Structure formats: C-alpha cells, structure tokens
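Okay, structure first, notes after.
A short reminder: the numbers here are calculations on the coordinates, not readings from a lab. Everything numeric here is computed off the predicted structure, so don't read it as measured data. We place every Cβ from the backbone using ideal geometry, glycine too, and count neighbours over all the protein chains shown.
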Amino acid sequence: MTLRRLPVLMMSSLVLIIAVCGPWLSAVDPDTPVAGPFETSSGVHLLGTDVLGRDTLARVLVGGRALITQAAVATVLGSMIGLTVGLWVSMTRRRTAARFAVLGVDALAVFPAMLLLLVLAAGLPGGGAAVVAASVLVSVPFSVRVIRERATAIVATDHARSALARGDALTVRLRYDVLPALAPAALAEAGIRLVAAVQVAATAGFLGLGASAPTANWGRMVQENSAGITVNPLPVLVPAALLVVLAVGVTFLLDHITGPLLGERDRVGPDMVGVAR
Amino acid sequence: MRLAGWLTMRVAAAAATLIALSAVVFWATEELPGDAVGTSAGPNATDAERAAIRVSLGLDRPAGERYLEWIGQAMRGDLGESLLTGRDVGEIIGDRLSTSAAVLLPAAVVIVVLAVGLGAAAGLRVGGRWDRALSAITLGLVGSSDFLLATALLVVFTAWWPVLPAVALVPAGEELWEHPDLVALPAIALALGGFGAAMRLLRASVAQTADTGFAEFARLNGIRGVRYVWMVVANAAPSALHGLSIVLAGLLGGSIVVETLFNVPGIGFELSQAVAERDVPLVQGLSLTLGAATLTILLAGDLCAAMLGRHQAHPPGVA
Amino acid sequence: MKSTTARNLAAAVTVGALLAAAGCSEGDPAGSSKSAERTLRAAFAGGGSSETLNYLAGPTALDFVRAKLVHAPLCELDPKAPDGVSYGVVETITASEDLKTYTLRVRDGVKFTDGKLLTSADVLYSLRAPMLLKGLPFTMLISRNFDMDAASAPDASTVILPAKSPIADGREVICQTTLAIPDKTTEFTTSTPSSGPFTIESFEPGQSTLLKRNDSYYGQAPALEKIELRSIPDGSARVNALRQGQVDFISAVGPAEAKTLETADGLKVTNSELPYASYLQYTMNIKAKPFDDPRVREAFRLAVDRKRIVQNVYYGRAFVGNDIPALGFPSYNTALAQRGHDPERAKQLLTEAGAAGIKVELTAGPEMPGMVETATLIIEDLKAIGVQATLRELPAGQLFADYPAYLSWPFKAGYTPPAYFEINHAPGTFPDVDALVLTARSAVTGQERLTASHQAQKLLWEKGNQIAPVFVPTINAASDRVDGVRELQFPDLSRVTLRN
C-alpha cells in the first residue's frame, strides 16, 4: 500500500512545490511575448508559446500560486467560520437560537455557487477577493454541518458530560475535551474544502472572473489557449493536468492521513469532495 | 403525523429562505457598479438619452420601493418583465427551465443509476479489484472541475472523434429533449462531474453498512445473493441520500459552465447573461428558480431518507 | 458467494451503463442536416432569451443582421459611391443650398409584405421610430441632427427634413442605420409587414430565426430560399458548430480560432476589408494626471509596438492604426506620417514631462476580439519604457455598464464601429478640434470641409488622447459551398448562394 501511495504523493507534492515556488523558478518574464503565438516545443521554449506568444513554461510556473493562495485563504476563513458556528450551535444551551442559526446557514447553500461568483466578480472585478468570498460562502454550510455533527457527538460522550457536570469552564472543556477529538474531522473537512476552493478558483479563471490579465492562472490558461490546441496542445494540457493532479493528490492525502485517525465509521472522507463542490 | 409536521416546517423554512434569497439577490445586483441603463445605452449615448432610459425603465425610483413592488407581484405569480426588452420573465424562465431539464434530468438519472450500481458493487467488496479501479477513476473525476471535463469532451468530439454534435443547436420550433444526440455531450459532461462524487458516497455508505453487526447477523442467518445486496443497499441509502441530493442540486449551479461551452440555452447560461446586463428582474426570477429547485431537491432527498428510515428494521450505520 | 453476487451486480450495472450511453448517442453529428439544401444556416453572437424583434432595442450583431434582411434600408453608407451612400427604398436625397433642409424622394413601387405601397408617411415614421419606440442611443443619430418634430411629408413620395444646424453630411446621418417600417408600427412580431429581401417564418428568442425569401421584394431577388439565423454567444461553440457542419456560416470568429480554421478542409475564413473595421482605442483622460501633459500622451503612443499587436493578437488580421479614427473612409487624413514604435523617444518624453516611472492602470474588458489581449501587450510595452503599468480586467459585459465611472477612469479601452469620423465625433475634449469638426460638417464647399477635417485629424494625431494601435475587422468563416457574402461591419447575407 505504501509503495503504491508513493508516486501519487510525490506527484502531488511536486505540483504543490511548482505552484508555490514556481514564480521564483521562472527565468523568463511570463507576461512578455517571446515569439509567435502557439509555437511548438523547442530547446528555448520547452513547452512552446501560448496564445500571445508568451513562454508557456514561465506561465505554468507562475500560474498556480494565486490559485493555491486564494484556496488557502478561503479554506482558513471557512474553517474559522465553520468551527465557530458549528461549535456554538452544538454546545450552546439556547436551542432555539441554535436552530435558527442552522437554518440561516443552510439557506446559504441555496445560493448557486456560480451565481455568487458572477455577482461578486461583477462587484469586485479583477482581484482574488471575489473568488475567496464565493468559495467561503459556498462551503460554509458544509463546514458547519460536518463540525456540528461531530461536535454534537463528542459533547454527548460520557467523558465530555462528566466534564460539564464537574463544572469545568468552557475554555477548559474546549481545550481538553472537544477540540482534540474534533481535530481530525476538522482537518479532513478543511482539506475537502481546499480542493473545492482550488476548483472554484480555477473555474473563475476559466470564466475570466479571477485576477486580471496578464496574470497567469491554470484555469484561465485552459480557456485562452484552447483555440490553438491543434497547433500546440501543451498550454492547455499541462495546466489541466496540474489541476487534476493537485486535486487528486490532496484528496488522496486526506484519505490516507485522516482515514486511520477517524476510523471507517466517522470518516469525513474524500467521498465528500464532490459534495462540497 | 410527525412527518406531516416536519414537512410543514421544512416548506415554511424553504419559503422564508426564498424570500431572503430574493432580497439578497436584489440588494447585490443593485449594489453592483452600473445598471441596465449603462448596459443598454452603450458607449455612444448622451446624458439626456441615459436619463430618459432610466426613467423609462423605472430605475429613477428608490430601490426599496422597487423591491417591495416586485415582491408583491412575485407573490401573485408575476415575476415582472425583462428590463432590457420587456419580455415576460416567467415566460423566459419557462423556456429556459425546459431546456435545462432536458440536460439535467438525463445527467441525474445516469448519476443515480451508475452511482448506486457501481457504488454498491465497490462497497460490498472494499479493497477488491473493482473497488480499486473504480476508486482511481472516481478520484480522477472528482479532481477534475466541470470545465476541464467539458473541455476534454469538446476536444475529443470535435477534433478526433466527431460522432456527437458539440453544440446543442435545436432545429427551430422543436425542443431540446426531442434530440438525444444534442443532449448527449452536455449531459455526459455534467454526469461525469457528479458521478464521481455520488459513487464514492454510495460506496462509503454501503461499505459502512456491510461492516455493521446487523449485516453480519443477516449473513449468519443465511441471507444471500440479491436479497442480501438489496438489504444492504436499502439500509445504506438513507445516509447517502442527503449527500446524493446535494450532488444533484449541485448540478444546477455547475451547469453554467457546461451550458456555455455546449451552447445549451438553459437557466445557468441565461443567468450569466442577465447578470452581465444588470437585468434585475431577470436575475431575480432566475435565481429564485434555481434556489427553489435546489430546495426542492434537498427536501426530496431528506423526505426519501426519512421515509426509508421509518420502514427500516434496523437503523443504518451512521446518523 | 458474496463475491459472485457482487460480480453479477457489477456486470448488470455495466450493461445498464452501456445501454444508457448507447441511448444517448443515437443520431448523427450533423443532426439538423435534414433542412432543405437551399437553406443557409448562419450563426452569430446573439443575445439571451430576452431577445426581441424590435431592432431599435436590439444591440447584438444578430439583431442587426436580421433587421437588415427583414426590413429594407432607406439607404446605406457606401464610402465608394459618389454621394457616400447607396440608395434603397429612398431613391435620392438632396440637400438645400444652405445645408439646412434635406429632401428625400421615395422609390416608386416598393411594397410591404401586406401588399401596401411604401409611401413617404412610412419613411417619415421610420425616421421618427427610434424616438417613438424607445430606440437605443445608436439609433438616435437622426434626432440628434434633424428637427424631427418639424419634419414633414408633403406628398406621397417626398419627405422633408429640416436640420437642427446646417450640415453637409446629412445623407450619411440618415443612411447610417435607418430601415423602412410601415407607418404606425408599434410592435414587432413575425407578422409585422416588412419590405426587405426576407420575411420571418418563425422566431425563438435567444435561439433561432427562420427567414423565408420575400418574393415581392423590390430589389434583386435573393438566390436563397431560406436563412436560419442561430444565436451562439460563445465564440468557440460557434467554431465547433461550423467544424461539425451544424451551420454553414459563422460570424465574429476570434483571431486565434481563425488561424486554426484556415487549415481545415472545406472551410474558408474571410474578414471585412477597410473601411469596415472597428476603431479599437485606449483612451487617456486628459483631466487626470499624468495625461494632462501632451508629452506623456505622445510617449505612451510611441511606446506601443503596433506590428507586434497585429501579429501576436490578430495573427495578421488587423490594420495598423495611426491614433485617429475612421481609417479607410474618404475623409481619412492619409497625409499624416504613420506613428512608429520608438521606446527611446518615449522614455525621453516621459523624463522631460517628469513622469518617468509613473503608475497607471488600464481598464479593459472582453468587449471585442483582442481588446484585452491588446491591452496586455500595451501594458508590456509601457513597462518597457519604465511605466509601472497594470491592467484591470472587467468581466464580459461590464466595461460600459457604469458609464459615468467609465468616463472618469484615467486610462481605459473602448471601441467605435466603422463610421464617418465627423458625424460620430464626441465633442468636449479639445475645443479646437470640436470647432474644426463643426466646420468640416457645415462648410459650404467640399474642399473647405475636407481641409477642416484633415486639420482636426492632424490635431488629434499630434496631441490627442487616444492610442489606436489597430483597426479590427469582423472575421467570418464559412463552408466553401457558401458564396456571395458581403463583408460589411456585419455580414450581409442577402445575396448569398449555396452550392451543393
């Protein structure tokens, strides 16, 4: 099992490294045309050139960081909101208020993700803010639901009940009884949202709703270079492959890191990735 | 009786959610820079002409007043008219909904059939060859965004293997559902995206159920073959139904990309145009429709789960 | 035992899946090929389902093409004709000596599809329709130039239009957009009487319009029996539809897609020729720093590598611009030297103006092919002369959505459809240019007018606030069975023939 896992782990780590460190590795300016459009691979331009005659390799190297950054910010924000709301709802004694909060959060799920993205991008054009906001809003209901279900179960354990009966302070109960038990689920849930957020960011790039041109973005590269796929397919295939490997890699990691921690029964496994999307 | 009460509560909550949704969408579209005057006037209009358009569209009145008027009409079933061309919004939505449904329903059916079938097959033999192969495939599908799947299908079916039409061009006077060949590619694109997630849900749920003492007990009691499979799947279904309904509802939102790339003039496609044109009544009508459809699917999922749960001899593995 | 069950189940599921897939894949790729051979299927970037047949309210290329096939034009811009226009249902247009009154003579024997003769009342109503039926601003050109309340139709074949102020180019104003519709038309349906070469057989908003030949059309009878106009907003979807033979003709092809279509078998790619190319411009707001300094404006214009834009963005399918509008029209000032690419001089000018290393933000959006791509190359060119230039890219449809904001931005993209410079000049930036344009439109002799126009263009070339690197033609692609497309700003399909 470990041996089979290795290539996937290596590939996904490589993609993560490319995404994060790529901008430092690129020797060529990714925004300046260096040759004619859609030239095929050569010694000078390893992956050929893109729709405007820019170096594809340079653009691939810089095109992942924004995606990862946006997705990471969205994931952290989403986790903060999800944990706060989820924990409060499952621990508070004000049941009616909690029920309304859950209703309110669930109502968010009714917003189609793309509608949110369209409206937000029209209001905050040209930056990552709209993408982050859309990712957070779309994923919060999912996050709250998972955290609430887990936390409710934890609070109901004998261990946690006796802490409550002892009259431990809230912070103490959180610190020693709830959070440690909640951590694996919260981590797994955050990972799922990370994958979903990368996909939202890439889709935004594809639809021209993300950061302004000439910023490279793997999703956008697929869109803008698809016209030349018969001439030089690399500017489409390489970013597409990177996106898939990234998502699969993170999902795979989740499966094998959090799976054993949570046990088959309470897994918030990668099965939920598509759901959060 | 308890079910009826629960259902009433849920429907009331859904109605309240939709009203809140309409207010938020109205406010958001209103807050966007620019308005229908700008988008319809174009770059070469004079100020006086712009002012005249503003008055004729009624956009000179305060936003609150316009919203109250709109919601009042909407309660009576009148969704207003498109700001740009005066077409009835209800009529537009009717057109678009049937077109979207022509793609979404086959996609949903394929997802459910394949997910239940393959999910059960894989979940009953966790770690088997089937399971590993399916896991790899679905992992790849889950990792691919809708736009990647759609682009890949387009490349394959336009450049290399042109056996299916890539653009949903419906002959005049006919409906999209009358043309299965036109529906095929967009439906497959949507189905591929949803199938991966749905199948993994089913698999996990079936695997959990098969792992319970209850299933063990059934096996020990000699329940075998189709009866055993059916028993496990039926017991696994309620816990998977919620996730499955979310996946199906997600098709609605994800359809914008697919509808644009395959030129399916459906709800999502229309919505992206309406937002760009700041056609507030149309955006309102379309997002309400999408919201209502999402709520209906989620509600139906929960309802099915509740009904299945009631008729079960034994509760499923997870709550 | 368990394993056999699972295998059986899996096999059943696989068969089911295959059946489902087979069910989906019935039918041939060219699904709609059953339509008659003499039907041309043409796809355009149309609107959504809010589309209407009221062409006065329709802003898309599809609206325009359909309207011109269904409603005969009064007359059309034709820079090569002696009057600058070619006539339609209006036979002649004469201006009075003082350029204050225009007289239109209506062609005899033109009939609407309901059999009624087209008279001066219909022509007068057609001219007023944009005001009466809430036309879009681009249809308002006539009411901006003529006093339409005082216009009259003294007899059945004469219309008299008093100009608001003396103008020599009244013909071009009248002929820019006006189509003939019956008097008192208030709504446009498939059965509204019309006078063009085709009539509407069926219409589905946002999807398709089926046109049928109008046998009572007064002009040259079309060879085609039917035209099916399809709306396909996404550019690559249009190309795919043509590649797969779902349509015979597509308009508004992106430059990169044109390049790959060129090599496809059985297809041909064409583009409109001058003067039918849009004026793509990047406007510097002279009220905002640093663009109040003419040296900065000149530096920016010198920084741009126009040839590279033509090659890398348009793959050769564009015309190099010289920072003044209306390239290819008769009054275009060809005596001005073509501005070249001179980054050294640009740097020097910036230093002189004390603006070396300034920050600017260019706002653009995908409103026409290559607008954003050209902007990205301009940004690169500006960076090369030391300007800290950035691009703000708006989503599709947003650039002009908030027009007051658009006007206030310091540096932004825009475009003007191919049209005469003088009529479409927006005053308010340079008073001396405005005055010259006024002379160019109203002076008595043609020579005086031309001199003033050339002088105005010279001033714009010297100190103007627009970078116009390229003029962009409309690129069309068609099956090579299609002939006879007139490539104007939007293609005219009325004389198309379709070979078998």
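With a cut-off of 14 Å between beta carbons, the residues surrounding C:ALA413 carry a summed charge of -2, where Lys and Arg count +1 and Asp and Glu -1. For chain A, with a Gaussian network of springs between Cα atoms less than 10 Å apart, report the residue from A:VAL62, A:VAL28, A:VAL172 with the top mean-square fluctuation. Evaluated over chain A, the most mobile residue of the options is A:VAL172. Remark: C:LYS259, C:LYS347, C:LYS287 ranked as C:LYS287, C:LYS347, C:LYS259, counting other beta-carbon atoms within 10 Å and listing the fewest first.
Panel order for A:TRP218, B:TRP230, by other beta carbons found within 10 Å of each beta carbon, from fewest to most: B:TRP230, A:TRP218. Normalising the average separation of contacting C-alpha pairs (under 8 angstrom, six or more residues apart) by the number of residues puts the relative contact order of the range C:75-175 at 31 percent. Only Cα pairs under 8 Å and 6+ residues apart enter the sum, and on that basis the relative contact order of chain C stands at 19 percent. If you take the Cα centroid of the range A:25-104 and the Cα centroid of the range C:135-149, the two points sit 49 Å apart. Please work out whether the range A:56-122 counts as rounded, prolate or oblate from its C-alpha gyration tensor, where a ≥ b ≥ c are the square roots of the eigenvalues and a/c under 1.5 means rounded, while otherwise a/b larger than b/c means prolate and anything else oblate? Judged from the Cα gyration tensor, the range A:56-122 comes out oblate (a/c at least 1.5, b/c at or above a/b).
For the range C:75-175, what does the alpha-carbon gyration tensor say about shape, rounded, prolate or oblate, given a ≥ b ≥ c as the root eigenvalues, a/c under 1.5 as rounded, and a/b over b/c as prolate? Rounded is the answer for the range C:75-175, as its axis ratio a/c remains below 1.5. Reducing the range C:204-233 and the range B:113-127 to their Cα centroids gives an inter-centroid distance of 53 Å. Here the label points at B:TRP161 and C:ALA337, each 7 Å from Cα along the C-beta direction, are separated by 6.1 nm in the simple model. Membrane-span-like helices in chain C, defined purely by DSSP H runs whose alpha carbon atoms cover 24 Å or more axially and whose average Kyte-Doolittle hydropathy reaches 0.0, are C:2-24. For chain B, set up a Gaussian network in which alpha carbons nearer than 10 Å are linked by springs, and say which option among B:ALA102, B:ALA293, B:ALA136 fluctuates the most. Answer for the Gaussian network model of chain B: B:ALA136.
The calculated 222 nm mean residue ellipticity attributable to helices in chain C amounts to -9000 deg cm²/dmol, summing -39500 (n - 2.57) over DSSP H runs of n ≥ 4 and dividing by all residues. Could you check what % of the DSSP bridge pairs in the range C:277-473 are antiparallel, to the nearest 5? About 65 percent, rounded to the nearest 5. Shielding of peptide C:310-319 by partners, expressed as the average count of other chain Cβ atoms within 10 Å per residue Cβ, is 2. Quantify how strongly other chains surround peptide C:197-203 by giving the mean number of their Cβ atoms within 10 Å of each of its Cβ atoms. Counting other chains' Cβ atoms within 10 Å and averaging over C:197-203 gives 1. Per-residue ellipticity at 222 nm, computed for chain B from helices alone with -39500 (n - 2.57) per DSSP H run of at least four residues, works out to -26000 deg cm²/dmol. Hydrodynamic analysis of chain B uses the Kirkwood radius over alpha carbon pairs. Inserted into Stokes-Einstein at 25 °C and 0.890 mPa s, it gives a translational diffusion coefficient of 110 µm²/s. Per-residue mean of foreign Cβ neighbours for B:235-243 is 1 (Cβ atoms of other chains, 10 Å radius). Using bins of 10 Å that start at zero, the share of Cα-Cα pairs per bin across the protein assembly as shown amounts to 2, 10, 18, 22, 20, 14, 8, 4, 2, 1, 0, in whole %. With loop membership from DSSP and a limit of 12 other Cβ atoms within 10 Å, the longest segment of chain C without GluC sites (Glu not before Pro) is C:274-500. Oblate is the label for chain C. Its Cα gyration tensor axes, ordered a ≥ b ≥ c, give a/c of at least 1.5 and b/c at or above a/b.
Most tightly packed first, judged by the mean number of other beta-carbon atoms within 10 Å of their residues, the peptides B:157-170, B:211-224 read B:157-170, B:211-224. What is the sum of charges, Lys and Arg at +1 and Asp and Glu at -1, for the other residues whose Cβ falls under 14 Å from the Cβ of B:GLN73? Net charge in that neighbourhood comes out at -3. Largest GNM mean-square fluctuation among B:ALA15, B:ALA108, B:ALA51, using chain B with Cα springs under 10 Å: B:ALA51.
Listed by number, the DSSP H helices of chain A that run 24 Å or longer by alpha-carbon position along their axis and have mean Kyte hydropathy of at least -1.0 are A:2-25, A:65-91, A:129-155, A:179-206, A:234-262. Could you compute the net charge surrounding C:VAL304? Neighbours are other residues with a C-beta less than 13 Å from the C-beta of C:VAL304; K and R count +1, D and E count -1. Counting the neighbours of C:VAL304, the net charge comes to +2. Across chain B, C-alpha contacts under 8 Å between residues 6 or more apart give a mean separation that, scaled by the residue count, equals a relative contact order of 26 percent.
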